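In what follows, a structure is listed as structure tokens, so that the remarks can point back to it.
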Amino acid sequence: MTPGSILTVSGVTYAYGGGPVLQGVNLELAPGEIYALLGPNGAGKTTLIRTICGRIRPDGGQVLLEGADPSRVPASRAGLGLVPQEIALYPTLTVRENLQTFAALAGVPRARMTAAVARALELTRIEDRADQPIRHLSGGYQRRANIAAAMIHEPRLLILDEPTVGVDIDAREAVDTVIRGLRDLGVAILMTTHDLEQADALADRVGFLRAGRMALEGRPKALIAEAFGEKMEVLVHLVREVDEAGRAGLAGEGLEPTRTPLVWARLDADGYAAAGALDRRLRQAGLAPKEIRVREPSLANLFSRVAEGEAAA
Ligand SMILES: Nc1ncnc2c1ncn2[C@@H]1O[C@H](COP(=O)(O)OP(=O)(O)O)[C@@H](O)[C@H]1O
Ligand SMILES: [Mg+2]
């Protein structure tokens, strides 16, 4: 275990009974660091979290949580807090009642209960909702209440599995602010997310899990620079849907559809210069764009590349 790390996962393998799910995963996390675990559905992210929490014991390799194996030393699990993908709170109890319940379950002494609840409410900025039942809260507030419950015993590692699921776009920033605040207090954060913009905005390091292996890992900026060098992403916003011939024309320019309707993109070493020429050609072809933007490649570009297997480490 590297000195100063809170969590060390080394060579972890696991199979539920079918094929292998984790195939030798390594991961190291330091205090005050946000690590985003990325990867397609079924890559093994939740399974990895379950091994870290000691809920399942790896078939091979080892998890060390502050030096102890959580699957063999249950007391070591007190060092982490888990926010599962599905909100795990009592829906009819208020936020405060939930926190009191979780504090009791976590063994917080009675004398410290009130202070612990107040601190958790403050860390997650939900004091104003403290006396409302969970089921009356929006997805964003529920998520923050679940973070408060996970932090009630002041763990040094917080694990969040898909924290933006069920949280609408407007409320995501508030969840991100809470996560950043905890990081700034020195808590180590391990999160899985489908939301690559969230990972871009939050993560100090990211890891791409693919078919049970860490395909790529590092600091987002460094990984993007390494993968794309000087290339820029050129984004074409169309005015309206195009027909078959239009799609062929766009594809002929090397453009690919993105997840955003009407937006096509390509990577180009000559970004800005290429955009002007591209605009002229698209207009001539009757595909007048509403807008063409040139920007630095993002984690989304990297994710597609890793998913296609090009950047396998
Ligand atoms: N309880 C289970 N029993 C059997 N197979 C499972 C179980 N949980 C997950 N799996 C399988 O393990 C693989 C990884 O799942 P999971 O860890 O949930 O991936 P992710 O969280 O990255 O989407 C998938 O193929 C999934 O079907
Ligand atoms: Mg999952």
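The values are calculated or read from the model by the stated rules, or taken from the named source; none is laboratory data. Please read these numbers as outputs of a predicted model, since none were measured by experiment. Note that we place each Cβ from the backbone using ideal geometry, even for glycine, and neighbour counts take in every protein chain shown. Note: accessible area is taken over every heavy atom of the protein model, side chains too, but ligands, DNA and RNA are not part of it. Shrake-Rupley method; radii C 1.70, N 1.55, O 1.52, S 1.80 Å.
What's log10 of I(q)/I(0) for the chain at q = 0.09, 0.13 Å⁻¹, Debye sum over Cα points only, no solvent?
Debye output, listed in q order: -0.55, -0.97.
At 1.4 Å probe size, with the rest of the protein present, what percent of the exposed accessible area of the chain is carbon and sulfur atoms? Working shown, then result.
Numbers: 7440 of 15090 Å².
Carbon and sulfur atoms account for 49 percent of the accessible area of the chain.
Starting from the amide H of GLY60, placed 1.01 Å from N in the peptide plane, find each other amide H under 5 Å away whose residue is 5 or more places distant or on another chain.
THR13
Hey, what angle do you get for helix 271-284 against the long axis of the chain, alpha-carbon based, 0 to 90 degrees rounded to 10?
With both axes taken from Cα atoms, the answer is about 50 degrees.
Work through the residues other than VAL95 whose Cβ is under 15 Å from its Cβ and net out their charges, Lys, Arg +1 and Asp, Glu -1. Don't jump to the answer; show the numbers that get you there.
Details: positive: ARG96, ARG119, ARG125, ARG129, ARG135, ARG143, ARG144; negative: GLU97, GLU122, GLU127, ASP128, ASP131.
For residues surrounding VAL95, the net value is +2.
Can you spot the lysines whose alpha carbon is less than 28 Å from LYS45's alpha carbon? Ignore those fewer than 8 places along the same chain.
LYS221
Using a Gaussian network model on the chain with a 10 Å cutoff between Cα atoms, which of GLY286, GLY218, GLY79 fluctuates the most?
Between GLY286, GLY218, GLY79, it is GLY286 that shows the largest mean-square fluctuation.
Return the ratio Rg/(2.2 N^0.38 Å) for segment 1-141, where Rg is computed over Cα atoms only.
Values: Rg = 17.4 Å, N = 141, 2.2 N^0.38 = 14.4 Å.
For segment 1-141, the normalised Cα radius of gyration comes out at 1.21.
With every protein chain left in place, what is the accessible area per residue of segment 141-192 in square angstrom, probe 1.4 Å? Walk me through the numbers on the way to the answer.
Working: 1640 Å² over 52 residues.
So segment 141-192 comes to 32 Å² accessible per residue, rounded to a whole number.
Applying the Karplus parametrisation 6.51 cos²θ - 1.76 cosθ + 1.60 with θ = phi - 60° to the phi angles of segment 66-82, what ³J(HN,Hα) value in whole Hz is obtained for each residue in order, glycine and proline being reported as x?
Each residue of segment 66-82 in turn: 6, x, 10, 8, x, 7, 10, 10, x, 4, 5, 5, 5, x, 10, x, 10 Hz.
Determine ³J(HN,Hα), in whole Hz, for all residues of segment 146-161 in sequence, where each value follows from phi through the Karplus function 6.51 cos²θ - 1.76 cosθ + 1.60 and θ = phi - 60°; x replaces Gly and Pro.
Each residue's phi maps through the Karplus curve to give 5, 5, 4, 5, 5, 9, 4, 9, 6, x, 8, 10, 10, 10, 10, 9 Hz.
Under a 1.4 angstrom probe, counting protein chains only, how are THR124, THR114 ranked by accessible area, largest first?
Putting THR124, THR114 in descending order of accessible area: THR114, THR124.
Expressed as an acute angle from 0 to 90° and rounded to the nearest 10, what is the orientation of the C-alpha long axis of helix 110-123 relative to the principal long axis of the chain?
Relative to the chain, helix 110-123 is tipped by roughly 10 degrees.
List, in order, the whole-Hz ³J(HN,Hα) value for each residue of segment 234-251 obtained from phi through the Karplus relation with A = 6.51, B = -1.76, C = 1.60 and θ = phi - 60°; use x for Gly and Pro.
Karplus values, whole Hz, x for Gly and Pro: 9, 10, 9, 9, 7, 6, 8, 3, 10, 7, 3, 5, x, 4, 5, x, 5, 4.
By how many degrees, 0 to 90 and rounded to 10, does the Cα axis of helix 169-184 deviate from the longest principal axis of the chain?
The angle comes out near 60 degrees.
At most 10 other Cβ atoms within 10 Å and a DSSP loop assignment: could you name the trypsin sites (Lys or Arg not before Pro) in segment 213-285 that fit?
Working: sites: ARG213, LYS221, LYS231, ARG240, ARG247, ARG259, ARG266, ARG280, ARG281, ARG283; in loops: LYS231, ARG240, ARG259.
Answer in residue order: ARG240, ARG259.
In square angstrom, what is the accessible area per residue of segment 232-296 with a 1.4 angstrom probe?
Values: 4030 Å² over 65 residues.
The answer is 62 Å² per residue.
Check the straight Cα-Cα distances from LYS290 and name the aspartates and glutamates below 16 Å, setting aside those fewer than 8 residues away within the same chain.
GLU241, ASP279
Could you check which residue among SER76, SER138, SER298 shows the biggest mean-square fluctuation in a GNM of the chain with a 10 Å Cα cutoff?
For the chain, modelled as a Gaussian network with Cα springs under 10 Å, the answer is SER138.
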